[in-house]
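Colleague: Provided herewith is a single structure, encoded as structure tokens, for subsequent inquiry.
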Amino acid sequence: MTIDRTRRRIDRLPPGEIHAVGAAGLETASMVRYLVEAGRDDIVLHDRSGDFDYAIDMAHRLQPPDQVARTRTALAGCRELRAGPDYLAGVESAVTVLAPVSWFLAPANARLVPLQDRFVYFPDACFDLWRGSVIGVTGSFGKTTTTRFAAALTGGVACGNDREFCCDLAALAAAPADARMAFEASNRHLRNGFRRVLDVGVLTGITLNHEPDHGSFEAYRRVKYSMADRCRDFLYHAAIPAAFPDAAVVAERGTPYGGGGWRLVEEVAVDPGGGCWPVPGVAGLSPVDQDNALAAVAAAAQCGVSASDIQRRSGSLAATTPRYRHSASVTGGRLIINDAASCTPASTEALVRRLDQRFALICGGDRQRYREGEFRPLAAAVAANPHAGPVYTIGPMAGHLTAALQAAGFRAVARAADLDQAVERALREPATTVVFSPGCGTGAMFADKYVRGEAFDDAVTRLVSAGQTTP
């Protein structure tokens, strides 16, 4: 592919008015803040939200308080906010447009199409300001964890798609030239493209996800495969070309891990040449996260990090795991697993296959599209696990999940009215681990994975405190 080198650079913008689209969102607001703090006072904000303050709260609530305060100050210092019926009014006069990653999904943004040569995207803003090396991580699942692990093993910074990651562009610009960044690249980042050729790219896995953004699952896969063309060195999970014949280009371009090439032998990562990279920190990780750690080790090694530094830093891996990613706690004498970050059937399937004690599973959501058969592998995993107790399904996907489970020969499935009722029923099962793993999106039910994770935790705490549980 050809890397577009003609786009605007956020640190070298031409004179003239700047329009910021989706200004409440994390990426656009971060670019606005960088420019305002650098002295620009000619920025016009655009946002579709009817409540701009609330939209800022929701988008930035996982950022450090001092960062949120700086962002609010910067947004308040802009020339004008155009929202509601005034959204995008006069945008054609912009010399530069700060564009959010998902701009192309909203029909109202069709008027932005002719202005794309004036766009600045968040990845380009980060990469243009960052002088050090970059590890880019993408995939349908595991990318957030792998990004966090790569940042930990390189002693670097995590940036990109997750709301908890660094969005302080001034801090990125001030980092030394030998610093390292791990950047989580979403399918939308890749679809929009970015200027920089990354030092290392990682493709963690592919499953049905976000294909409406691209028109088909095949087109979605091609977007993910494009990471191979955006980096100097490339790593991919060995399961990808085994599952998808069209991934042959990925296999030709890179080095596999997790079943070929790089492999994990107990607490040692072994590279394709037989070299050993001790990673004692993987001992406390789940098998799924051990695969993610292996990818991070390989990426760190290809970025020049020494084996001794990787070994030393691996002790922080368990603490680096994303919130609500296979987090386990004991409440009321019961093991509770909160896997609220799961948004694909494949991620819930992977967890189910590894559960080795009786469990009750809560899953489901309100994904806006359904593909025939997509829940079959998850249903097969539940049916094949001898420890599977009842499954409680929630949301509009409940019917499809129930049908898949019953077709797999699993009968202990029931629909719950909502998450609270599902938790209540699960807690009444004696000597049973309670697992919340949606297996699909829940965007209309909860604002994001953090909100749904907190809702699950709150329901467990409330019901256990009220005595509505069986030990």
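The values are calculated or read from the model by the stated rules, or taken from the named source; none is laboratory data. These numbers were taken from a predicted model, which means no experiment stands behind them. Every residue, glycine among them, receives a Cβ derived from its backbone with ideal geometry; neighbour counts consider all protein chains shown. In case anyone asks, the SASA skips ligands and DNA or RNA and just uses the protein heavy atoms, side chains included. Shrake-Rupley method; radii C 1.70, N 1.55, O 1.52, S 1.80 Å.
Colleague: Given VAL391, VAL330, VAL382, which one is of a type in the set (A, V, I, L, M) and closer than 17 Å to VAL288 by Cβ?
Modeller: Details: VAL391 fails: closer than 17 Å to VAL288 by Cβ; VAL330 fails: closer than 17 Å to VAL288 by Cβ.
Only one candidate passes the filter, namely VAL382.
Colleague: Could you grab me the full set of residues in the stretch 151-162 that are under 14 Å from the mean Cα position of the chain (by Cα) and open to solvent by less than 30 Å² (accessible area, probe 1.4 Å)? Steps first, please.
Modeller: Restricting attention to the stretch 151-162, the residues satisfying the condition of being under 14 Å from the mean Cα position of the chain (by Cα) are 158-162.
Of everything in the stretch 151-162, those that are under 14 Å from the mean Cα position of the chain (by Cα) and open to solvent by less than 30 Å² (accessible area, probe 1.4 Å) turn out to be ALA158, CYS159, GLY160, ASP162.
Colleague: Another question about this same structure. Looking at the stretch 212-227, can you tell me whether even one residue there is touching a residue at least 24 places away in the same chain (Cβ under 8 Å) and under 14 Å from the mean Cα position of the chain (by Cα)? Before the answer, list the steps.
Modeller: Pass one, the stretch 212-227, residues touching a residue at least 24 places away in the same chain (Cβ under 8 Å): 212-214, 217-218, 220-227.
Going one step further and asking which of them are under 14 Å from the mean Cα position of the chain (by Cα), we end up with 224.
Yes: the stretch 212-227 contains one or more residues that are touching a residue at least 24 places away in the same chain (Cβ under 8 Å) and under 14 Å from the mean Cα position of the chain (by Cα).
Colleague: Does the stretch 447-458 contain any residue that is among the β-branched types (Val, Ile, Thr), touching a residue at least 40 places away in the same chain (Cβ under 8 Å) and either under 18 Å from ILE336 (Cβ atoms) or outside any loop (DSSP other than H, G, I, E, B) (or both)?
Modeller: If we filter the stretch 447-458 for residues that are among the β-branched types (Val, Ile, Thr), which is where we start, we get 451.
From what is left, the residues that are touching a residue at least 40 places away in the same chain (Cβ under 8 Å) are none.
No; the residues of the stretch 447-458 include none that is among the β-branched types (Val, Ile, Thr), touching a residue at least 40 places away in the same chain (Cβ under 8 Å) and either under 18 Å from ILE336 (Cβ atoms) or outside any loop (DSSP other than H, G, I, E, B) (or both).
Colleague: Checking the conditions here, which among PHE122, PHE127, PHE141 is within 24 Å of LEU203 (Cβ to Cβ), open to solvent by 20 Å² or more (accessible area, probe 1.4 Å) and touching a residue at least 40 places away in the same chain (Cβ under 8 Å)? Can you show your working first?
Modeller: On the way: PHE122 fails: open to solvent by 20 Å² or more (accessible area, probe 1.4 Å); PHE127 fails: open to solvent by 20 Å² or more (accessible area, probe 1.4 Å).
Being within 24 Å of LEU203 (Cβ to Cβ), open to solvent by 20 Å² or more (accessible area, probe 1.4 Å) and touching a residue at least 40 places away in the same chain (Cβ under 8 Å) holds for just one of PHE122, PHE127, PHE141, which is PHE141.
Colleague: Looking only at the stretch 280-330, filter to residues that are among the polar types (S, T, N, Q) and open to solvent by 40 Å² or more (accessible area, probe 1.4 Å); which one of those is modelled with the lowest pLDDT?
Modeller: Residues of the stretch 280-330 among the polar types (S, T, N, Q): 286, 290, 292, 302, 306, 308, 311, 314, 316, 320-321, 327, 329.
Applying the additional criterion that residues be open to solvent by 40 Å² or more (accessible area, probe 1.4 Å) yields 290, 302, 306, 308, 311, 316, 327, 329.
On the way: GLN290: 91, GLN302: 96, SER306: 97, SER308: 97, GLN311: 97, SER316: 93, SER327: 76, SER329: 83.
The extreme case among them is SER327.
Colleague: Then there's this: Which of (1) modelled with pLDDT under 95; (2) surrounded by fewer than 19 Cβ atoms within 10 Å (Cβ to Cβ); (3) in contact with a helix residue (DSSP H, G or I) (Cβ under 9 Å, 6 or more places away or on another chain); (4) under 24 Å from GLY193 (Cα atoms) does TYR220 not meet, given it meets every other one?
Modeller: Answer for TYR220: the failing condition is (2).
Colleague: In addition: Identify all residues within the stretch 163-202 that are among the charged types (D, E, K, R) and open to solvent by 10 Å² or more (accessible area, probe 1.4 Å); write none if there are none.
Modeller: Of everything in the stretch 163-202, those that are among the charged types (D, E, K, R) and open to solvent by 10 Å² or more (accessible area, probe 1.4 Å) turn out to be ARG163, GLU164, ASP168, ASP178, ARG180, ARG188, ARG191, ARG195, ARG196, ASP199.
Colleague: If you check ALA59, ALA29, ALA23, ALA38, which single one turns out to be among the small types (Gly, Ala, Ser) and touching a strand residue (DSSP E or B) at 6+ places or on another chain (Cβ under 7 Å)?
Modeller: Result of the check over ALA59, ALA29, ALA23, ALA38: ALA23.
Colleague: Give the number of residues within the stretch 352-365 that are touching a Pro at 6+ places or on another chain (Cβ under 6 Å) and either free of Cβ contacts under 8 Å to residues at least 60 places away in the same chain or open to solvent by 10 Å² or more (accessible area, probe 1.4 Å) (or both).
Modeller: Going through the stretch 352-365 one residue at a time, the tally reaches 1.
Colleague: Right, another one. In the set ARG82, ARG70, which member is basic (Lys, Arg), out of contact with any strand residue (DSSP E or B) (no Cβ under 6 Å at 6 or more places or on another chain) and buried (at least 17 other Cβ atoms within 10 Å of the Cβ)?
Modeller: Values: ARG82 fails: out of contact with any strand residue (DSSP E or B) (no Cβ under 6 Å at 6 or more places or on another chain).
Going through ARG82, ARG70 in turn, just one is basic (Lys, Arg), out of contact with any strand residue (DSSP E or B) (no Cβ under 6 Å at 6 or more places or on another chain) and buried (at least 17 other Cβ atoms within 10 Å of the Cβ): ARG70.
Colleague: GLU349 fails exactly one of the following numbered conditions: (1) surrounded by fewer than 24 Cβ atoms within 10 Å (Cβ to Cβ); (2) touching a Pro at 6+ places or on another chain (Cβ under 6 Å); (3) within 30 Å of SER465 (Cα to Cα); (4) at pLDDT 90 or above. What is the number of that condition?
Modeller: (3)
Colleague: Further question: Can you pull out the residues in the stretch 340-391 that are more than 24 Å from the chain's Cα centre (by Cα) and of a type in the set (S, T, N, Q)?
Modeller: GLN357, ASN385 - these are the residues of the stretch 340-391 that are more than 24 Å from the chain's Cα centre (by Cα) and of a type in the set (S, T, N, Q).
Colleague: Any chance you could count how many residues in the stretch 411-440 are of a type in the set (A, V, I, L, M, F, W, C) and open to solvent by 20 Å² or more (accessible area, probe 1.4 Å)? Walk me through how you get there before you give the answer.
Modeller: As a first pass, look at the stretch 411-440 and keep what is of a type in the set (A, V, I, L, M, F, W, C): 412-414, 416-417, 419, 422-423, 426-427, 431, 434-436, 440.
Filter again for open to solvent by 20 Å² or more (accessible area, probe 1.4 Å), leaving 412-414, 417, 431.
Number satisfying all stated conditions: 5.
Colleague: Here is a check on your reading of the model: is ASP229 assigned to a strand (DSSP E or B) and not aromatic (Phe, Trp, Tyr)?
Modeller: No, not satisfied.
Colleague: Only one residue in ALA412, ALA407, ALA388, ALA417 is closer than 23 Å to PHE375 by Cβ, touching a Pro at 6+ places or on another chain (Cβ under 6 Å) and aliphatic (A, V, I, L, M), so which one is that?
Modeller: Details: ALA407 fails: touching a Pro at 6+ places or on another chain (Cβ under 6 Å); ALA388 fails: touching a Pro at 6+ places or on another chain (Cβ under 6 Å); ALA417 fails: touching a Pro at 6+ places or on another chain (Cβ under 6 Å).
Matching residue, one of ALA412, ALA407, ALA388, ALA417: ALA412.
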